[in-house]
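The values are calculated or read from the model by the stated rules, or taken from the named source; none is laboratory data. Treat the numbers as computed from the prediction; the structure is a model and nothing was measured. We place every Cβ from the backbone using ideal geometry, glycine too, and count neighbours over all the protein chains shown. Accessible surface is based on the protein model in full, side chains and every heavy atom, while ligands, DNA and RNA are left aside. Shrake-Rupley method; radii C 1.70, N 1.55, O 1.52, S 1.80 Å.
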Amino acid sequence: MNERYSRQILFPGIGKEGQEKISGKHVLIIGAGALGAGNAEVLVRSGIGKVTIIDRDYVEESNLQRQQLYTEEDVAEKLPKAVAAKKHLAMINSAVKVQAHIGDATPEVLEDLTRGVDLIMDATDNFETRMVINDVSQKLQIPWIYGACVGSFGMSFTIVPGKTPCLNCLLRTIPLQGLTCDTGGIISPAVQMVIAHQTAEALKILAEDWDTLRKTFVSFDLWRNQYTSLKMSKAINKDCLSCGSNPTYPYLEHENRTKTAVLCGRDTVQIRPSASGEISLEQLARQLSSLGYKTKGNPYLLSVELEGRERIVIFKDGRALIHGTKDLTRAKTVYQKILG
Amino acid sequence: MNERYSRQILFPGIGKEGQEKISGKHVLIIGAGALGAGNAEVLVRSGIGKVTIIDRDYVEESNLQRQQLYTEEDVAEKLPKAVAAKKHLAMINSAVKVQAHIGDATPEVLEDLTRGVDLIMDATDNFETRMVINDVSQKLQIPWIYGACVGSFGMSFTIVPGKTPCLNCLLRTIPLQGLTCDTGGIISPAVQMVIAHQTAEALKILAEDWDTLRKTFVSFDLWRNQYTSLKMSKAINKDCLSCGSNPTYPYLEHENRTKTAVLCGRDTVQIRPSASGEISLEQLARQLSSLGYKTKGNPYLLSVELEGRERIVIFKDGRALIHGTKDLTRAKTVYQKILG
Amino acid sequence: MNKVLFFAHLRDAVGKESVMIDAAGNTVAELKAKLTKVYKLPKMDVVMTAINEEFAQNDEMIQEGDTIAFIPPVSGG
Amino acid sequence: MNKVLFFAHLRDAVGKESVMIDAAGNTVAELKAKLTKVYKLPKMDVVMTAINEEFAQNDEMIQEGDTIAFIPPVSGG
């Protein structure tokens, strides 16, 4: 082990002792897209003991521009991302155990996968799953590292139960209309920058160098040359339902989840989001048309033609019908690609 | 092309026009270590037209902890890094032309490789080569992007001839005794962070979005949660011999180069550095012993046992004898690993 | 006067990185409402606010000279 | 007084991230010489200096209240 990790052991923040700790740790990575593949590659190269990756998607051509690990062959084979990631990680470091899960990160699945892990890495593409991660993290007292990016912009925050505010303290409610990589685009350097921050924090946690953990919320824009780190102690909410004195872990409860249902006798799925609020359909229409989507709307709903034969109809309250599919997971993916 | 790069085209800073420009560009990457492999992967995924990579080293086990692209198989085959990089890049994006050069980045070679390229990415591990890159960049009026890291610390600066100060303005002389990854260690997140900055600047230059170029010198420490960006206009030196009004490109001249010579009849190479100054042998001895090297010294010289059967003897003026090899390139590699 | 900084798509909506505005005596929520009107910003209720590089709640009062930054959480990954 | 920040291995040599020192009226070169003596720092001649987040030459004069940062260029890659 010494030769392989010699340069990491030379780094005083880790050392021999830190490397031994890292090699016994188990990390759960939620998502195997750009952030998931990148985080997994760094951690596996660093010599962690075990990594579990969950993802519901397969590798597509438009992923290759920013999602490391994946190759043209994975696209040709339409490999599930979790499987493709596992394959490439094994070639990079055969000593690390990699467990791949293909499927939706529902609260049940997440709670199950999280038991026994030392750290959760956020690499998902929507706030609903992040709020579930946040509740599971608080319930099981396991730290997680938020990371997200769109365009040239990105952010990261390390959440340690009992020590830092949690995501529910910061947001109080799930943002209903967020920019996603499918509406705002994404460049690979922004992905790399989030990965750099997430994995640095991860190595501190895995090497148990707790004092050096970043306490600030980092956000940056690489195209506009901005970088800020915010002090977060004022964000702690002692009445927070996820991390306060009387937690109820609201996002693990059934009524707060996105409801998906295949509409009877039709090739259509209905999605009712957990977030409540009102969407500006006008603004969404402008944004999507400028991206080349064909849209048609009225004050009550917006209809958008998607790639392939699907069409999504979005109502003001965030409810949507995805026409052209009966696949619940596929419908949810489409929904979150457009609405975040 | 549209589907593959769709998320990058969606990003307003690049767009359709930017993507077309990127796809016609040729980038030269000097070095295929951690920064070289990472920069190459990002740029090749981004769909540049052509990339040329030069490196003198082969893939070793201790590289895998931070050098993306490379696998355990590359180590087993002792593949030259440039060749291994080319192999993996072809699987990632077969449409990008990749040219691999195995060898030392001497001034002649660099000047030759630089003709016709649009941008030079610095991914080398020593200041001597960087000063040569700097002179070639000024002579041929081609921008280059400085990047370096050690431990959890890193830095980047974009040098555009005629617009920004150059590396010779900043340093005035080559630092003789710098920390290297072989003496200070390195963690992968620091590498990723430098890559994020270098490739963001690269995409701006390749997409010809000149106004958004970062004008500041960025440095950061991910373990200590520091980030600074320095305004650099005061660094411009109008008498600079590399970028001033009467440039002589001093680092392209023969007398300013590291001199290597096989000592007659012995299994030893002598290295005489281009930098002038005095080394603190005492400090170097302390540092190397703390890293586990066996050292022996007196006020005039320091002898260090290396991995394998080599031994290096360093004199106060930076001159060194590398015993146990007749290979000039190997000797230079050893020297720069210890002295930067 | 107060400097107000906009990040990510808020910057695009406003058209510049920062504006000078007199917000002393306003709460964060009041400033958000004011800006939403002037610049036709997307809904600001979940946008994170910082006063002088420190996270601020919606009911926090803005002082003369404070620098306010609005950072929209993003979901991509 | 002046705040002096140390980056990378300079920080390790000094043992802390910053020190307060009265450097007003000194040039950058003079401050470097002073610090080299006090903290047994490695040679400072090629260490980059910033005054108030702006690159400074060795002959630049330090003013009361300036924040000075020393950033050693590194060569790893």
Copy-to-copy label separations for A:Glu282, where each label sits 7 Å from Cα toward Cβ, in nm and ascending: 7.6
field: A:Glu60/A:Glu108 FRET efficiency (R0 25 Å; Cβ-Cβ; nearest 0.05)
entry: 0.35
- line: Placing each pseudo-label 7 Å from Cα in the direction of the beta carbon, C:Met20 and A:Ser245 end up separated by a distance in nanometres of 4.6 nm
- line: So, relative contact order of chain B in percent, Cα under 8 Å, 6 or more apart, is 15 percent
Positive dipole terminus of region A:149-299, leading residue within A:Thr268, A:Val194, A:Cys166 (C-beta point charges): A:Thr268
message: If you roll a 1.4 angstrom probe over the protein chains with everything in place, what fraction of the accessible area of the protein assembly as shown belongs to carbon and sulfur, to the nearest %?
response: 50 percent
query: Normalized C-alpha radius of gyration of the protein assembly as shown, against 2.2 N^0.38 Å?
result: 0.95
Over chain A: helical MRE at 222 nm, DSSP H runs n ≥ 4 each giving -39500 (n - 2.57), nearest 500: -9500 deg cm²/dmol
Net charge of Cβ neighbours under 10 Å - reference A:Tyr58; Lys, Arg +1; Asp, Glu -1: -2
- request: Only loop residues by DSSP count here, and only those with at most 11 other Cβ atoms within 10 Å; note down the trypsin sites (Lys or Arg not before Pro) in region A:163-255 that meet that.
  value: A:Lys238
- prompt: Counting other Cβ atoms within 10 Å, which chymotrypsin sites (Phe, Trp or Tyr not before Pro) in region A:257-334 have at most 11 and lie in a DSSP loop?
  reply: A:Tyr300
field: Cβ-defined net charge surrounding B:Ala84, 14 Å radius [Lys, Arg +1; Asp, Glu -1]
entry: -4
field: Per residue value of the accessible surface for chain C (all protein chains in place, 1.4 Å probe), Å²
entry: 43 Å²
task: Note down the net charge around C:Gly25, summing +1 for each Lys or Arg and -1 for each Asp or Glu among other residues with Cβ under 13 Å from its Cβ.
output: -4
field: Position B:Lys296, label points 7 Å along Cα→Cβ, spacing to each other copy in nm (shortest first, one decimal)
entry: 8.8
task: Could you compute the FRET efficiency for D:Lys40 and A:Glu17, with r as their C-beta to C-beta distance and R0 at 41 Å, rounded to 0.05?
output: 0.90
task: Have a look at the DSSP beta bridges in chain D and tell me what percent are antiparallel, nearest 5.
output: 75 percent
field: Rg/Rg_ref, chain D, where Rg_ref = 2.2 N^0.38 Å and atoms are Cα
entry: 1.00
- prompt: For region A:22-140, what is the convex hull (Cα atoms) projected area averaged across all directions, in square nanometres?
  reply: 6.7 nm²
- prompt: Per residue, what volume in Å³ does the Cα convex hull of chain A take up?
  reply: 142 Å³
field: Cα-based Rg of region B:258-339 normalised by 2.2 N^0.38 Å, two decimals
entry: 1.01
- line: In nm, the gap between the two label points placed 7 Å beyond Cα toward Cβ at C:Lys3 and B:Arg272 is 5.4 nm
query: For label points placed 7 Å from Cα toward Cβ, what is the shortest-first list of nm distances from A:Thr248 to its copies?
result: 7.9
query: What order, most packed first, do the peptides B:95-108, B:115-128, A:30-43 have when packing is the mean number of other Cβ atoms within 10 Å of each residue?
result: A:30-43, B:115-128, B:95-108
Additional length obtainable on full extension of the chain from A:Lys163 to A:His26, 0.36 nm per residue less Cα span: 47.2 nm
field: Label-point gap, in nm, between A:Ser289 and A:Glu253 - each point 7 angstrom along Cα→Cβ
entry: 4.1 nm
task: Might you report the magnitude of the Cβ-based charge dipole of chain A about its Cα centre, with Lys and Arg at +1 and Asp and Glu at -1, to the nearest 20 debye?
output: 400 debye
query: Hey, can you list the residues from region B:209-254 whose accessible area shrinks by 40 Å² or more with all protein chains present, relative to the chain by itself (probe 1.4 Å, no ligands or nucleic acids)?
result: B:Arg214, B:Leu222, B:Trp223, B:Arg224, B:Asn225, B:Gln226, B:Tyr227, B:Thr228, B:Leu230, B:Lys231, B:Lys234
- prompt: Taking every DSSP beta bridge that has both residues in the protein assembly as shown, what percent is antiparallel when rounded to the nearest 5?
  reply: 70 percent
